[in-house]
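The values are calculated or read from the model by the stated rules, or taken from the named source; none is laboratory data. Worth saying up front: this structure is predicted, and the values here are computed from it rather than measured. Neighbour counts are summed over all protein chains in view; Cβ atoms, including those assigned to glycine, are modelled from backbone coordinates with ideal geometry. Quick note on the areas: whole protein, heavy atoms, side chains included, nothing else; ligands and nucleic acids left out. Shrake-Rupley method; radii C 1.70, N 1.55, O 1.52, S 1.80 Å.
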Amino acid sequence: MTQSFRLENVGLINKDKKLSFKFNGKTYYGYEGDTLASALIANGVHLVGRSFKYHRPRGFFGAGVDEPYAVVQLYRNGETEPNIKATEQELFEGLEATSVNCWPSVNFDIGAINNFFRIFLHAGFYYKTFMWPKSFWYKVYEPFIRKAAGFGVVSTKHDKERYEHKYEYCDLLIVGSGPSGLASAYAAAKNGARVILAEDKPRFGGTLLTSEVNIGNQSGKEWAEGIIAELKEMPNVTVKNRSQVFGYYDHNMLVMSERISDHLPKTKKFHPKQRLWYIRAKEVLISSGSIERPIVFGNNDTPGVILSSAAKEYLKVYGVLVGRNPLIFTNNDSGYETAIEFKKNGVDPIILDTRKDPQSEIVDEAKNLGINIKFSYVVVAAQGYKKVKSADVAKISDDKEQLGAVENIKCDCICVSGFWTPTIHLASQSGNKTKFNEDIDAFVSGTSKQNEITLGAANGTYTLDETLKSSFETGHELSKKITNNDNKISFPNVVEKKSTTHDKFWCVPLPEGKNYKRFLDFQNDVAVSDVEIALKEGYRSIEHVKRYTTLGMATDQGKTSNLNGLQLVSSIENKIVPAVGHTTFRPPYTPVSIGAIVGREVGKHSKPTRKSPMHSWHEKNNAVFVDAGVWLRPRYYKQGNENLFEGSKREAKNVRTNVGVCDVTTLGKIDIKGPDVAELLNRVYTNAWLKLPVGKARYGVMLREDGIVMDDGTTTRISENHYHMTTTTAQAANVLSHLEYYLQLVWPELNVNVVSTTEQWAGAAIAGPKSRDLLQKLFPNSDVSNEGLPFMGYMEGDLFGVKARIFRISFSGELAYEVNVESDNGNFMWKKIMEIGEEFKVQPYGTEALSTLRIEMGHVAGSELDGRTIPYDNSLEGLLSKKKDFIGKRSLNREAFIAEDRQKVVGVVPLDKKTSIPEGSHLVKDSNAPLPNPKLGYISASCWSVEHDNPFSLAILKDGKNMIGEKLFAMSPLKNKVIPVEIISSHYVDPKGERVRS
Amino acid sequence: MLHIKCPHCGIRSQNEFSYGGDATVKRPELNKEISDQDWNNFVYNRKSLRGKHLELWQHLSGCRQWIKVERDTATHEIFNTLKANEDIS
Ligand SMILES: [Zn+2]
């Protein structure tokens, strides 16, 4: 197909480089520098999609970020991406795209039947209809909507592209590189400020690229190019194109997404696809320009109805005609600029101006060029289904209420201009109290909350001279404040055409007997009638009208629809627009890819991985790892074809009969020093700590102030003023913060220092009846006998030249020790234990065996200390000192905590001694009771007792102390199991605790 | 993301800090009689202020000091930051 709408010698694209691309399976050609939109229009393609609700044919409406229709599914380098605006996507060789929102094809769309049933699909339809019956939602509505709606398909494949994050600081962040952005950036940069200039489009210059203006004897475009070239050379300036500042957050932090590779067929090696910038700016200048707003008329969504400024941009930037028979429909002078460009390129436009007799240079120029202008005329309705074929037009009375006789004019596009809406999104996001400007019928920024200033068209300043003056001035003043420099630059001479005022006309009345759809929101298919219904049904707040009708809620966030929506509400309600107020602007200004937000934190990089110094040994010895927080811990060491159950049982059994060794490096370790440590511990733990001798360890429980158990562990007195605290793996960080809190804020008089030493020490637990024999061989020069190193004793030893700390503590309930060496020696220690332990049949054991051992001993751990239980619940009430106060003690008197039938930890065995009880099962009295079956308790942890060779569980059970011997049912609806069980003591092995002391 | 001036380290981003709640709450003294109501107020009852709020933050990924921050809960404006042992004059 030929590019029949391409002009010969017009445009900023590279006609030496022809590119081929596919749209809906058909091959077309365009040029380097095109967008997908401009290339399609050059090929005469205007039907690109179907509308969201009614599936009406849709074309192009804008030429950039404001585009509501031309959202496509993009295919690039074997990947696919939804929700891409054809007006923003730059063309590359081999680009493929398809329409969305249509099925089976854009030309024949089954969903368009909605258009004929639209009576049912008016405002609030979703609310009214889809709410009930509930079963209909899943079976009928939801699948139907899924098929018919949406803006594309998300790829289910892993995204191989790389996305990066960058943090940056600057004096001035300038958003937009139009006249105000360039002028302020230039002034500030020349004055020594650190400047970031961000442009959303590939080309810098904004409207200077398309305006017929003259700055300092250069065209606007030449001037812009000169400034940019100079800025790029300055070391204090960062200039970024393809970069959208989309969010303005607290304390002047802005987020910008830079599209680095989206315009290339393939991302270059070692390059990211996109980069997300977090920018802290001392000052922000918002020079984001303005967006032309449409005038509302019948069938104004027909392909070929396009913003007048977009038509001009397609012509001047891309050398593309949106039509050969254009009708310009305007209420201001901007439409004339487009008409003049058409005329200059040999195309005869017709202008319909709603104004009666505007007087300005530009109107005179159009008249002089012989352009056909009809004053006091409006477009009543566009005619044509898949493309504009003609327009019904009529004269309109001076009060804009009465239409004259409807005439039909042949045309192939309608370029519409309803004046300009400043882009105040960022200012509004920053907390700026925007105000309504009567002169331009739009909101502009008002009182700033943060350090931001809005300039140029974004501030409602529509003359170049004024814009440049204020921008040079602002750039200079702000930079002077920061750098204290005062380098002024001379102000260039500006030549531009003078415009006159616009007509505050925004919506064409319906002619008698006609019921045309007049759209406000083109992406969400919200028409004038929908808003009228919402108001009739009693919605008043603009926020409610928005949600009820979905006006402005689509992916374009109402960039072209918001103000007309407000105009409509205010005219029906007889209020002025500022009294209605605009809805809140929230980030992002434009859709941002999830990849850019996530950055490099994907897969294994989504969190850090902590490994013990012995990790490589575990790997070599077939450890199967499990995540314990961010730690990787061996779950069991697989032998042959063993599964988890078999392996962990073997390992646990070996601990009970011989000796096992477990990597306990992950336990939190806190080094505590100072003369007042004992006093601190005495306040933090529930039991007494003032008399712990040097060389002894003690088990302790700490509470939160609300009486709930926070953590447990042992603390050892290494020397007079030096203690070593251990915490559970999960609570290590919290316990440290907890201690710091009390030391720094509550009891600063205590002379104590705490520091985490978790990573400084490698730990090995050696447990089992033969553990002392093994220990003696590891430390032949130390007396590790029951007398030399009694239960809860501590000593330092020499492990073949390596200094070691030996603690006689036990988690397994067996005779056990914990040996710590400095991390660098961890592997050495582990290998020595394995080597010397061979004669005692030592085996490593993982977390699964560790759990088994502690569960059958009745030791509570994380699954019982789950942030909902008090000491009594865990049978730890013996550790509550009656003599002293401690954190959380006062809370333990609470009524529920001292109730007679308070929950308590118990042991549970299945009556058949065979069926394992799923963790989380509920304990109930009667398995057949009607639902909801009263829950007496829940299974907190389950194991296969290696001592008794049958299943055993721990449970937290109401009135647990009086339930021993009771028969209950453990029910797990998730696993579909009902298991008759007996409640027994939680101490299933060695209830008197003799082994640890042996 | 807030920008918080740690009195020990200088201006840092919010993600280095963790929030610690109302800084005006005083823990009751140990070993002292206290009514149920007063204890409940200490443990549970907090004002959810709109406006100026003196609150605790810990510079977790920095100096690990607990600091006091005077912040407007509605606007996020930070008026003042203090060391743990300092009070607003
Ligand atoms: Zn700090």
- What do the square roots of 5 times the Cα gyration tensor eigenvalues come to for the stretch A:899-990, in whole Å, largest first, as semi-axes of the equivalent ellipsoid? 19, 17, 10
- Note on the structure: Plugging the Cβ-Cβ distance of B:Thr75 and A:Arg600 into 1/(1 + (r/R0)^6) at R0 = 30 Å yields, to the nearest 0.05, a FRET efficiency of 0.35
- Message: Under a crude label model (7 Å from the Cα following the beta-carbon direction), how far is A:Arg540 from A:Glu822 in nanometres?
- Response: 7.5
- Task: Report the semi-axes of the equivalent ellipsoid for the stretch A:509-606 in whole Å, largest first, where each axis is √(5λ) for an eigenvalue λ of the Cα gyration tensor.
- Result: 35, 15, 11
- Task: Using only Cα atoms, find the angle between the long axis of helix A:826-837 and the longest principal axis of chain A, and express it within 0 to 90 degrees, rounded to the nearest 10.
- Result: 40
- Query: Which Cys residues of chain B have no other Cys Cβ less than 4.7 Å away and so no disulfide-compatible partner by this rule?
  - Reply: B:Cys63
- Item | Charge dipole of the stretch A:509-606 about the Cα centre (unit charges at C-beta), most positive-ward option of A:Ala527, A:Phe585, A:Asn564 | A:Phe585
- Hand me the GluC sites (Glu not before Pro) from the stretch A:849-933 located in a DSSP loop with no more than 13 other Cβ atoms within 10 Å, in residue order please. A:Glu900
- Length-normalised contact order for chain B - Cα pairs under 8 Å, 6+ apart - percent: 28
- Within straight cross-link reach of A:Lys696, meaning Cα distance under 18 Å, which aspartates and glutamates are found once same-chain residues fewer than 8 apart are removed? A:Asp671, A:Asp676, A:Glu679, A:Asp712, A:Glu720, A:Asp783, A:Glu787, A:Glu796, A:Glu818
- Message: I'd like the FRET efficiency for A:Lys958 and A:Asn753, computed as 1/(1 + (r/R0)^6) with the beta carbon distance as r and R0 of 41 Å, rounded to 0.05.
- Response: 0.40
- Task: Show that you can apply the helix-only estimate: for the protein assembly as shown, add -39,500 (n - 2.57) for every DSSP H stretch of four or more residues, divide by all residues, and state [θ] at 222 nm to the nearest 500.
- Result: -5500 deg cm²/dmol
- Of all DSSP beta bridges in the stretch A:294-418, antiparallel share, percent nearest 5: 40
- Message: Longer than 26 Å from Cα to Cα, which of A:Lys958/B:Lys32; A:Lys85/A:Lys316; A:Lys611/A:Lys832; A:Lys53/A:Lys435 are they? Say none if no pair is.
- Response: A:Lys958/B:Lys32; A:Lys53/A:Lys435
- Note on the structure: Out of B:Cys63, B:Pro28, B:Ser48 - ranked by how far each Cα lies towards the positive end of the dipole of chain B, with unit charges on the beta-carbon of charged residues - the top one is B:Cys63
- Item | Cα→Cβ-extended label distance, 7 Å offset, between B:Glu16 and B:Ser48, nm | 3.1
- Note on the structure: One finds, for A:Glu796 and B:Trp39 with R0 = 41 angstrom and r their Cβ-Cβ distance, a FRET efficiency to the nearest 0.05 of 0.40
- Query: Is the shape of the stretch A:484-545 rounded, prolate or oblate, going by the alpha carbon gyration tensor and its root eigenvalues a ≥ b ≥ c, with a/c under 1.5 for rounded and a/b larger than b/c for prolate?
  - Reply: prolate
- Item | Of every Cα-Cα pair in chain A, the percent that sits beyond 54 Å | 40
- Message: Using a 1.4 Å probe on the protein heavy atoms only, what accessible surface does A:Glu749 show? Give it in Å² to the nearest 10.
- Response: 120
- Just how many % of Cα pairs in chain B lie over 22 Å apart, if you round to the nearest whole percent? 33
- Whole-angstrom gap from the stretch A:363-420 to the stretch A:888-916, using each part's C-alpha centre: 81
- Starting from the Cα of A:Leu690, step 7 Å toward the Cβ, then list every residue of the stretch B:23-46 with an amide N under 18 Å from that point. B:29-33
- Please tell me the relative contact order of the stretch A:899-990 in percent, rounded to the nearest whole number, where contacts are Cα pairs under 8 Å and at least six residues apart. 39
- Nearest-10 value in Å² for the accessible area of A:Glu787, using the 1.4 Å probe: 150
- Would you mind calculating the gained length between A:Lys841 and A:Phe897 on full extension (0.36 nm times residue separation, minus the Cα-Cα distance), in nm to one decimal? 15.5 nm
- Contour excess over end-to-end distance, with Cα ends at A:Asn437 and A:Ser397 and 0.36 nm allotted per residue: 11.8 nm
- Message: Give me the dipole magnitude in Debye, nearest 20, for the stretch A:690-794 about the Cα centre, with unit charges on the beta carbon: positive for Lys and Arg, negative for Asp and Glu.
- Response: 420
- Task: DSSP loop (so not H, G, I, E, B), at most 11 other Cβ within 10 Å: list which GluC sites (Glu not before Pro) in the stretch A:327-404 pass both filters.
- Result: A:Glu401
- Note on the structure: Of all DSSP beta bridges having both residues in chain A, the percent classed as antiparallel (nearest 5) is 75
- On Cα atoms only, tilt of A:308-318 relative to the major axis of chain A in degrees: 80
- Of A:Ile983, A:Ile482, A:Ile84, which has the most accessible area with a 1.4 Å probe, and how do the rest follow in descending order? A:Ile482, A:Ile84, A:Ile983
- Query: Relative contact order (percent) for the stretch A:509-606, with alpha-carbon contacts under 8 angstrom and 6 or more residues of separation?
  - Reply: 22
- Message: I'd like the accessible area for A:His582: 1.4 Å probe, protein heavy atoms, all chains in place, Å² to the nearest 10.
- Response: 50
- Task: Only Lys, Arg, Asp and Glu count, each charged at its Cβ (+1, +1, -1, -1), so figure out the dipole size of the stretch A:509-606 about its Cα centre, rounded to 20 debye.
- Result: 240
- Spin-label pair A:Asp912/A:Lys386, simplified geometry with 7 Å Cα→Cβ offset, distance in nm: 6.7
- Note on the structure: Across B:Phe17, B:Phe79, B:Phe42, the residue with the highest GNM fluctuation in chain B (Cα network, 10 Å cutoff) is B:Phe42
- Message: Report the gain in length on full extension from A:Ser616 to A:Lys831: 0.36 nm times residue separation, minus Cα-Cα distance, nm rounded to one decimal.
- Response: 76.3 nm
- Of A:Ile373, A:Ile979, ordered by accessible area with the largest first and a 1.4 Å probe, the sequence is A:Ile373, A:Ile979
- Estimated dipole of the protein assembly as shown in Debye, rounded to 20 [Cβ of Lys and Arg +1, of Asp and Glu -1, Cα centre]: 1760
- Could you list, in their original order, any pairs among A:Lys882/A:Lys904; A:Lys620/A:Lys914; A:Lys488/B:Lys5; A:Lys889/B:Lys52; A:Lys17/A:Lys201; A:Lys232/A:Lys559 whose Cα atoms are separated by more than 24 Å? A:Lys620/A:Lys914; A:Lys488/B:Lys5; A:Lys889/B:Lys52; A:Lys232/A:Lys559
